[in-house]
Amino acid sequence: MEYVVIDDALRPRQLVEPAFRVIHGRPTSEIEWGEAGFSNELAAHVFELKTMQPERSLPRAERHLVAGLKKFSSVLRDQFSARLLPTAMHPFMHPSETRLWPRAGQRIYRTYARIFDIHQHGWLNVQATHVNLPFGSERETMALHNAIACLIPYLPALAASSPIFEGKLGPAVDNRLAFYRVNQRRFPSITGQIVPEFVDSYREYRRRILKPIYRALDHVVDGQIIQHEWVNSRGAIMRFMRDAIEIRVLDTQECIKADVAIAAFIRSVLRHMTKQTLHGDTRLPDHRVLVADLDAVIRHGLAANVMAPHIRVRRQRARTARHVLDHLLSVAADEVPKTERRYLPIVEARVSRGNLSERIRRTVRRRAPRPGRRRREVITGIYEELATCLQDNVTWDE
């Protein structure tokens with residue numbers, strides 16, 4: 001999970017590296033704090049929090065992550081009068097207000113900066129939550145990969161939290177993904193169409209997905225520096241170095257509990273979908289249909305009209321992303337472990353009442369119908385509330 005470091009005026013602050021120095025006792029780019037890990041990626045104002053080892057129990061993972069967040073937050077508060085801000089985009093900052101991470105990874109980041117115009121929202125104002133799911137046998141792993149591709153188009157309708165940038169309501173429900181899908185358009189093979197292509201083997205994955213990316217980068221100065229599996233920017237990527245598939249289409253929520261709840265939902269749904277794929281009980285849909293569904297969901301959220309031919313929803317004529325997620329909630333309820341059932345009401349509330357992005361947008365328009373000073377004050381107040389939710393690990397009540 002990624003968060004922005006801010007001061008009392010909500011301004012982004014480049015304090016991650018100094019805070020790491022305080023905690024570690026000397027300059028560093030990575031810290032282990034108990035079972036939690038602290039790191040940074042690309043922008044100097046962004047803090048990344050993660051579990052250090054794969055965790056079977058999501059309630060235990062939540063405890064580890066909360067403990068790590070409280071530690072880092074206490075250093076920010078006591079040493080720098082700063083704090084963390086959740087959600088997937090800072091509502092006011094312009095990418096020119098920050099700089100690249102100054103320590104480990106500089107060679108990679110400078111390469112990205114040479115190849116792409118990274119001083120834009122799709123690079124320096126995007127915070128995501130990544131869920132990593134483990135490989136099984138090659139056959140099981142490819143079934144999981146293809147099941148993830150079938151689920152990805154509908155996840156932003158649940159997890160969108162980026163309604164505002166540069167102080168204005170953006171045109172999409174998920175503005176982070178709207179920027180993300182075009183931020184590397186110079187080389188279309190890197191991002192593809194966000195929805196991963198269906199593949200049946202590791203060899204086919206490397207041939208169809210990784211090889212075209214590497215070939216495109218062969219013609220760029222220093223392109224070989226980023227010719228690694230992580231340069232693939234689809235919505236889910238194979239991480240062979242850690243034997244996991246990483247899902248990347250999730251906006252960061254307002255608290256760790258909500259992020260873990262979405263992870264519990266995803267894991268339970270994919271347990272069912274992967275079994276169906278392995279047993280031949282589902283036919284993989286046309287990839288173009290999935291891409292069209294994702295595009296609709298990025299723009300319209302839960303209200304998006306989608307086709308989802310592979311998901312058996314009762315409403316066969318008009319169906320929305322909300323209908324699809326309602327159905328998948330029932331699937332998750334049958335698959336979720338007893339220890340994780342408490343997370344499903346959080347997901348259910350987002351499906352019925354709106355994702356975080358939609359609820360923020362609705363509240364802004366209700367409290368300040370017209371753009372202007374009053375609207376900026378309302379936005380500031382909402383994000384103050386969200387920062388408190390992160391510290392208290394509670395969901396936001398509009």
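The values are calculated or read from the model by the stated rules, or taken from the named source; none is laboratory data. Since the model is a prediction, treat every value here as computed from it, not as a measurement. Cβ: placed from backbone, ideal geometry, glycine included. Neighbour counts: every protein chain shown. These accessible areas exclude ligands, DNA and RNA; they are computed on the full protein's heavy atoms, side chains included. Shrake-Rupley method; radii C 1.70, N 1.55, O 1.52, S 1.80 Å.
A quick yes/no check of all residues on (1) without any contact (Cβ under 8 Å) to a residue 40 or more places away in the chain; (2) over 17 Å from the mean Cα position of the chain (by Cα); (3) within 15 Å of L390 (Cβ to Cβ):
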site: I23; (1), (2), (3): no, yes, no
site: E48; (1), (2), (3): no, no, yes
site: E55; (1), (2), (3): yes, yes, no
site: H64; (1), (2), (3): yes, yes, no
site: F72; (1), (2), (3): no, yes, yes
site: R77; (1), (2), (3): yes, yes, yes
* Answer yes if at least one residue in the range 67-83 is among the polar types (S, T, N, Q) and within 30 Å of K338 (Cβ to Cβ), and no otherwise. => no
* Asked: Got a sec? Which of Y154, Y112 is aromatic (F, W, Y), under 16 Å from A43 (Cα atoms) and touching a residue at least 40 places away in the same chain (Cβ under 8 Å)?
  -> Y112
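This table checks each residue for (1) open to solvent by 70 Å² or more (accessible area, probe 1.4 Å); (2) under 22 Å from the mean Cα position of the chain (by Cα).
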{"site": "H310", "(1), (2)": "no, no"}
{"site": "A321", "(1), (2)": "no, yes"}
{"site": "H327", "(1), (2)": "no, no"}
{"site": "P337", "(1), (2)": "no, no"}
{"site": "P345", "(1), (2)": "yes, yes"}
{"site": "R350", "(1), (2)": "no, yes"}
{"site": "R353", "(1), (2)": "yes, yes"}
{"site": "I360", "(1), (2)": "no, yes"}
{"site": "P369", "(1), (2)": "yes, no"}
* Asked: Of the residues that make up the range 116-126, is at least one more than 27 Å from T87 (Cβ to Cβ) and out of contact with any strand residue (DSSP E or B) (no Cβ under 8 Å at 6 or more places or on another chain)?
  -> no
* Residues that are free of Cβ contacts under 8 Å to residues at least 24 places away in the same chain and not charged (D, E, K, R), drawn from the range 275-305 -> H279, G280, V289, A292, A303, N305
* Asked: Hey, among the residues in the range 175-201 that are β-branched (V, I, T) and either in contact with a Pro (Cβ under 6 Å, 6 or more places away or on another chain) or not in a helix (DSSP H, G or I) (or both), which one's most open to solvent (accessible area, probe 1.4 Å)?
  -> V182
* Asked: Among the listed residues A172, A157, A147, which satisfies the condition of being in a loop (DSSP other than H, G, I, E, B) and open to solvent by less than 10 Å² (accessible area, probe 1.4 Å)?
  -> A172
* **Tally, over the range 134-167, of residues that are farther than 23 Å from V199 by Cβ and out of contact with any Asp or Glu (no Cβ under 6 Å at 6 or more places or on another chain)** => 7
